[in-house]
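Worksheet: the structure to be examined is printed underneath.
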Amino acid sequence: MPDAVIAFEAASKTYAPKANAKGGGHAALSEVSLSVQAGEVFGVIGASGAGKSTLIRLINGLEKPTGGRVVVDGDDVAALGVEGLRALRRRVGMIFQHFNLLSSKTVADNVAFPLKLAGRPAVEVKARTAELLARVGLSDQATKYPAQLSGGQKQRVGIARALATGPKILLCDEATSALDPETTEQILDLVSNLNRELGLTIVLITHEMDVVRRVCDRVAVLEAGRVVETGPVEDVFLHPASATTRRFVREADGEPAAEAVLAGRVVRLTFRGEATYKPVLGQVARATGVDYSILGGRIHRLRETPYGQLTLALTGGDVDAAIARFQAEGVRVDPVLAGEGA
Amino acid sequence: MNNIDWAEIGQATLDTLTMLGGSMVLTVALGLPLGVILFLTGKGQMLENRVANGLLSLLVNILRSVPFVILLIVMIPLTVALVGTSLGVQGAIPPLVAGAAPFFARLVETALREVDKGVIEASFAMGARRRQVVLGALLPEAMPGIIAAATVTAIALVSYTAMAGVVGAGGLGDLAIRFGYQRFQTDVMVVTVVLLLILVQALQMVGDTVVRRVSHR
Ligand SMILES: Nc1ncnc2c1ncn2[C@@H]1O[C@H](COP(=O)(O)OP(=O)(O)OP(=O)(O)O)[C@@H](O)[C@H]1O
Ligand SMILES: [Mg+2]
């Protein structure tokens with residue numbers, strides 16, 4: 001893949017065992033291989049302790065892999081010297097769950113900090129800071145201190161600061177996990193805009209499938225330090241292959257598992273794009289004489305694409321013919337095993 | 001109050017302020033870097049070094065465990081070597097610094113430990129060098145704590161200067177002991193104690209005000 005700006009090549013990370021911990025030395029990441037393409041929003045989802053932060057910290061060299069390689073923007077991160085690493089970090093911005101702003105500096109000075117670290121001239125620092133604050137909508141807060149801001153405003157300062165040195169990659173470690181739903185949406189919109197307008201490649205870590213669904217192009221699912229599933233968000237979201245992924249998807253939907261069904265065959269229909277709005281269900285039922293009862297369903301958007309999923313119990317008539325007709329209409333049909341749920 | 005020699009009290013006040021000012025400047029000049037090094041060489045920190053940290057820590061603990069009066073006396077040869085005399089205000093300053101700098105260093109170390117690790121990590125992620133992290137992020141973030149530490153240290157120095165009377169350093173504490181205690185001039189003792197109280201109060205108020213000014217949490 002020629003356009004990969006970030007490539008994990010069987011990267012592993014085992015933290016040195018703590019002196020007082022017994023056992024110790026278990027792998028936080030085990031042979032993770034994945035690549036992030038230029039200009040995409042790549043999500044990494046996993047439960048607490050799955051190794052998400054470790055993974056993202058390997059990208060800007062805050063941690064070194066204990067096995068394999070991580071190549072970022074053409075550089076093998078572990079092989080970089082002090083200055084090489086500093087140069088890489090100016091090309092890779094990062095934002096954090098708890099914002100990590102300097103409480104002793106004003107909003108403007110926080111945003112200016114990476115520029116001063118890079119030794120830019122004062123005039124440039126001033127102009128660039130003003131420009132960045134305008135971009136995140138905080139021009140009128142420049143002289144305030146972080147403690148005087150709301151969570152959403154703090155994360156905007158974090159974003160402005162991360163963009164200061166003009167990076168081409170933005171790393172987001174649980175950037176919305178400390179925010180309420182409304183603010184989360186605003187920050188995610190801002191991140192999406194940066195991706196579109198600046199062509200920024202974004203790696204976004206989260207434990208919420210909803211965040212992935214809203215902004216990511218592709219997603220990797222991490223479990224106990226291993227990637228258990230990876231692919232376009234649509235595929236992973238609509239047809240999760242692993243139990244971990246199914247759990248995240250169900251959490252995002254808040255949908256109960258289908259209860260025991262007395263009769264008939266239980267299937268899950270997935271409509272995507274155009275098919276979502278077609279009156280397929282009634283047509284097929286009339287044509288094949290099949291009866292259906294709806295056990296569960298949802299209609300949502302994956303970024304711009306509408307989709308629907310229905311879990312049905314099909315009875316009577318020609319069930320196989322009905323399934324074939326659904327498929328002919330571009331609807332995906334998956335059998336649902338009893339107890340597996342929608 | 002007619003047996004109070006106000007000129008002598010004035011001189012004693014001046015001596016106390018000189019000892020306090022001189023030893024405080026040197027205490028900060030030595031204790032601050034010492035505290036920073038103690039912190040940076042500590043476990044899990046950016047210059048982690050068990051040997052260096054262990055030795056510095058031992059030195060600090062030794063100086064802190066010796067009672068100040070003993071320190072005054074055992075340091076006499078060193079004091080003479082450093083400032084030419086072991087007497088007077090000059091002679092008091094080396095032992096005052098030796099007593100206060102390790103104390104201040106420990107308080108600085110504690111203040112640095114309070115700094116949010118995430119802020120340090122974010123600074124590195126922005127491409128900061130270690131020196132830039134220490135000077136540009138760590139110290140500014142710890143500044144309220146460091147100033148509070150300096151206030152506590154200055155007040156401890158006030159009581160140390162009183163004991164420095166033992167080496168003939170002069171000052172208010174010395175006056176209180178010589179006139180008030182040894183010659184039963186209670187009024188002199190009361191005046192000196194009131195002056196020391198005012199000094200301590202003033203230091204605390206100034207310290208608290210500065211902490212409030214530099215703290216933006
Ligand atoms: N500095 C460290 N030293 C030792 N072990 C660590 C360190 N950082 C993380 N770990 C361990 O590595 C594993 C993965 O941690 P990591 O922080 O990457 O998980 P995470 O997916 O980000 O979790 P969370 O959602 O809680 O942030 C955990 O078992 C954790 O205890
Ligand atoms: Mg984490």
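The values are calculated or read from the model by the stated rules, or taken from the named source; none is laboratory data. Every value quoted in this text rests on a predicted model; they were computed, and no experiment measured them. Note that we place each Cβ from the backbone using ideal geometry, even for glycine, and neighbour counts take in every protein chain shown. SASA here: full protein model, heavy atoms, side chains in, ligands and nucleic acids out. Shrake-Rupley method; radii C 1.70, N 1.55, O 1.52, S 1.80 Å.
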How many residues does segment A:88-107 hold that are out of contact with any Leu (no Cβ under 8 Å at 6 or more places or on another chain) and away from ligand 1 (no atom under 16 Å from the Cβ)?
9
Taking the condition part of a helix (DSSP H, G or I) and either exposed (fewer than 12 other Cβ atoms within 10 Å of the Cβ) or at pLDDT below 85 (or both), does A:Val249 pass?
yes
I need the full set of residues from segment A:45-62 which are touching a strand residue (DSSP E or B) at 6+ places or on another chain (Cβ under 6 Å) and either within 14 Å of chain B (Cβ to nearest Cβ) or farther than 17 Å from A:Tyr15 by Cα (or both), in order please.
A:Ile45, A:Gly46, A:Ser53, A:Thr54, A:Ile56, A:Leu58, A:Ile59, A:Asn60
So which of A:Leu133, A:Leu222, A:Leu179 is without any contact (Cβ under 8 Å) to a residue 40 or more places away in the chain and within 16 Å of ligand 1 (Cβ to nearest atom)?
A:Leu179
Tell me, which residue of segment A:27-59 that is closer than 17 Å to A:Arg213 by Cβ and part of a strand (DSSP E or B) is nearest to ligand 1 (Cβ to nearest atom)?
A:Gly46
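Residue-wise test of (1) crowded, with 23+ Cβ neighbours inside 10 Å; (2) within 14 Å of chain A (Cβ to nearest Cβ).
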{"site": "B:Leu58", "(1), (2)": "no, no"}
{"site": "B:Val69", "(1), (2)": "no, no"}
{"site": "B:Leu78", "(1), (2)": "no, no"}
{"site": "B:Pro95", "(1), (2)": "yes, no"}
{"site": "B:Leu107", "(1), (2)": "no, no"}
{"site": "B:Glu114", "(1), (2)": "no, yes"}
{"site": "B:Arg130", "(1), (2)": "no, yes"}
{"site": "B:Ile147", "(1), (2)": "no, yes"}
When segment A:156-209 is examined, which residues are found to be in a helix (DSSP H, G or I) and open to solvent by 40 Å² or more (accessible area, probe 1.4 Å)?
A:Arg156, A:Pro181, A:Glu182, A:Glu185, A:Gln186, A:Asp189, A:Asn193, A:Arg196, A:Glu197, A:Leu198
Return a yes/no flag: does segment A:46-62 have any residue that is in contact with a Ser or Thr (Cβ under 8 Å, 6 or more places away or on another chain), in contact (Cβ under 8 Å) with a residue 40 or more places away in the chain, away from ligand 2 (no atom under 16 Å from the Cβ) and over 16 Å from A:Val92 (Cα atoms).
no
Quick check on my filter: what residues within segment A:130-151 are within 14 Å of chain B (Cβ to nearest Cβ) and surrounded by 14 or more Cβ atoms within 10 Å (Cβ to Cβ)?
A:Leu132, A:Gln141, A:Lys144, A:Tyr145, A:Pro146, A:Leu149
Give the number of residues within segment A:85-103 that are touching a helix residue (DSSP H, G or I) at 6+ places or on another chain (Cβ under 9 Å), open to solvent by 10 Å² or more (accessible area, probe 1.4 Å) and either on the phi < 0 side of the Ramachandran plot or at pLDDT below 95 (or both).
10
Scanning segment A:104-136 for residues that are among the β-branched types (Val, Ile, Thr) and in contact with a helix residue (DSSP H, G or I) (Cβ under 9 Å, 6 or more places away or on another chain) gives A:Thr106, A:Val107, A:Val111, A:Val125, A:Thr129, A:Val136
For segment A:2-25, the count of residues that are closer than 23 Å to B:Lys43 by Cβ, touching a strand residue (DSSP E or B) at 6+ places or on another chain (Cβ under 7 Å) and at pLDDT below 90 equals 1
Tell me which of these A:Val111 doesn't satisfy, since it passes every other one: (1) under 21 Å from A:Gln141 (Cβ atoms); (2) open to solvent by 60 Å² or more (accessible area, probe 1.4 Å); (3) β-branched (Val, Ile, Thr).
(2)
If I filter segment A:69-81 for residues that are within 16 Å of ligand 1 (Cβ to nearest atom), within 24 Å of A:Glu9 (Cβ to Cβ) and either in the same structural domain as A:Thr183 (by TED's automatic domain parsing) or assigned to a loop (DSSP other than H, G, I, E, B) (or both), do I get at least one hit?
yes
Within segment A:63-83, can one find any residue that is open to solvent by 10 Å² or more (accessible area, probe 1.4 Å), of a type in the set (Ser, Thr, Tyr), at pLDDT 95 or above and away from ligand 2 (no atom under 16 Å from the Cβ)?
yes
Given the criteria more than 16 Å from ligand 1 (Cβ to nearest atom) and modelled with pLDDT of 95 or more, does A:Leu171 qualify?
no
For segment A:232-246, give me the residue count where each residue is under 25 Å from A:Phe96 (Cα atoms) and either open to solvent by 70 Å² or more (accessible area, probe 1.4 Å) or free of Cβ contacts under 8 Å to residues at least 24 places away in the same chain (or both).
1
All-but-one check, B:Gln11 against (1) within 22 Å of the chain's Cα centre (by Cα); (2) within 24 Å of B:Val83 (Cβ to Cβ), failing number (1)
By residue number, the members of segment A:296-319 that are farther than 30 Å from A:Asp217 by Cβ, open to solvent by 70 Å² or more (accessible area, probe 1.4 Å) and in contact with a strand residue (DSSP E or B) (Cβ under 9 Å, 6 or more places away or on another chain) are none
From A:Ala108, A:Ala87, grab the single residue that is in a helix (DSSP H, G or I), more than 9 Å from chain B (Cβ to nearest Cβ) and among the hydrophobic types (A, V, I, L, M, F, W, C).
A:Ala108
